[in-house]
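Q: I'd like to ask some things about the structure below.
The values are calculated or read from the model by the stated rules, or taken from the named source; none is laboratory data. These numbers come from a predicted model, not from an experiment. As a convention, Cβ positions derive from the backbone with ideal geometry for all residues, glycine included, and neighbour counts pool all protein chains shown. Side chains are part of the model used for accessible areas, which takes the heavy atoms of the whole protein and leaves out ligands, DNA and RNA. Shrake-Rupley method; radii C 1.70, N 1.55, O 1.52, S 1.80 Å.
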Amino acid sequence: MDLHALELDADAATVERWERFVASCPDATFFHRAAWRRILAGTFGQRPYFLYVEERGEILGVLPLARQKSLVLGDALVSTPFCVYGGVATRSEPARTMLEEAAVELGKKLRVDHVEFRNLRPRRDDWVRHASHATFRKAIAPDADQNLLAIPRKQRAEVRRGIERKLVAAPGASADACWDLYAASVHRLGTPVYARRYFHDLKVAFGEDCEFWFVHRDGAAVASLVNFYFRDEVLPYYAGSSGGGRDGEVHPFMYWALMNHAAARGARLFDFGRSPAGSGGYASKKNFGFEPQPLAYEYHLVRGKHAPDADPKSPKYALVVNTWRRLPRWLANRLGPWAARQIG
């Protein structure tokens, strides 16, 4: 077996081989796709190290990595920053071992604090493991009524209220309109906003597999999502809403409508994304009928003495959140892209 790197200027044939492997490997996720290396480099200014193992011209395993230097989380080699999943994707245990060892050696060469894999499942009992986050994944049906009945009663009533109030959900073309609603939401939550160009870059990188989704009330957009599509999965990834007026039904309606739309596109699994245990997002996803599946984020310490504290409920995060909420929107939008790079 041979170890290689997928460079930014890799030829189209090599990129296509990587993409075919990711599409077929059960371990792989949307965040293992080759285009992330361009997002990480071009949008966030991070050095990607996308490694793969092959034998006789056949790719056996891939590992997307990037170096992230953060004032909050330290200097790390991460698989993958700004993504909820990562780690090695392979069917071959020898290939897994080769890629894990290559990541550790690269981390030592770069003199980072730690190497981080954002695994869906536990892989390395000898690494430090954090399980403070869970993901929420559930099958969806081709039938809208089935999807509605699968939602618990209280949230189902909100969906019906959205229908009664004639909310309309549909895909749209405007990255800017989607970002505006997202930026308004994260400011209310006290979270730094990603740069506007990021939404544009995602669309360029992933084409039809990146979708902007909107909910309209009386002709005005009141909520939005950035959705990713991968195999038979849909991943609503960045959510936003105007926050004005009576909108308790907007988000339940938006997600139910997306389930039906995505099912019509061929999706059969709805990935509600990660949330930290004990958070409002964690509770709302459970209330929508999804069961938490703990994520195994694993850390190999290189120069660091301990793994970073990435729990958003910690006191230091609470201080940042409360401070950020008090910033004027114009200032939060200006400073946000820099701050967001520190916590990806």
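Q: Can you tell me which of 17-28, 77-88 comes out highest on packing, and rank the rest after it, using the mean Cβ neighbours within 10 Å?
A: Ranked from most to least packed, the peptides come out as 77-88, 17-28.
Q: Would you mind getting the accessible area per residue of the chain, heavy atoms of the protein chains only, 1.4 Å probe, in Å²?
A: Accessible surface, normalised per residue, equals 45 Å².
Q: I've got another one for you. When the chain is treated as a GNM, springs tying every alpha-carbon pair under 10 Å, which of R153, R67, R38 comes out with the largest mean-square fluctuation?
A: R153
Q: Could you list log10 I(q)/I(0) for the stretch 226-285 at q = 0.20, 0.22, 0.24, 0.28 Å⁻¹, which the Debye formula gives when each Cα is one point scatterer?
A: -0.85, -0.98, -1.08, -1.23
Q: Find the eigenvalues of the gyration tensor of the Cα atoms of the stretch 72-126, then list the square roots of 5 times those eigenvalues as equivalent ellipsoid semi-axes, largest first, in whole angstrom.
A: Over the Cα atoms of the stretch 72-126, the semi-axes work out to 19, 15, 9 Å.
Q: In whole Hz, what ³J(HN,Hα) sequence does the stretch 212-220 give by Karplus (6.51, -1.76, 1.60; θ = phi - 60°), x for Gly and Pro?
A: Result, rounded to whole Hz: 9, 10, 10, 10, 10, 10, 6, x, 9.
Q: What percent antiparallel are the DSSP beta bridges of the chain, to the nearest 5?
A: 90
Q: What does the helix-only formula give at 222 nm for the chain: each DSSP H stretch with n ≥ 4 adding -39500 (n - 2.57), the total divided by the residues, and the result rounded to the nearest 500 deg cm²/dmol?
A: -11000 deg cm²/dmol
Q: Sort 52-60, 183-191 by the packing proxy (mean of other Cβ within 10 Å over each peptide's residues), most packed first.
A: 183-191, 52-60
Q: How do the peptides 9-16, 172-179 rank, highest first, by the average count of neighbouring beta carbon atoms within 10 Å per residue?
A: Per-residue Cβ counts within 10 Å, averaged per peptide and sorted highest first, yield 172-179, 9-16.
Q: I'd like the FRET efficiency for T97 and A13, computed as 1/(1 + (r/R0)^6) with the beta carbon distance as r and R0 of 35 Å, rounded to 0.05.
A: 0.80
Q: Along its principal axes, what span do the Cα atoms of the chain show, with the longest given first and each in whole Å?
A: For the chain, the Cα spread along each principal axis is 59, 44, 35 Å.
Q: Quote the FRET efficiency, to the nearest 0.05, computed for L301 versus L335 with a Förster distance R0 of 35 Å and r equal to the Cβ-Cβ distance.
A: 0.65
Q: Over 10 Å intervals from 0, what percent of Cα-Cα pairs in the stretch 1-92 sits in each interval?
A: Here the calculated profile for the stretch 1-92 is 17, 52, 25, 5, 0.
Q: Can I ask one more? Over the stretch 83-201, consider all pairs of different Cα atoms and compute the Kirkwood hydrodynamic radius from their mean reciprocal separation; express it in Å, one decimal.
A: 19.4
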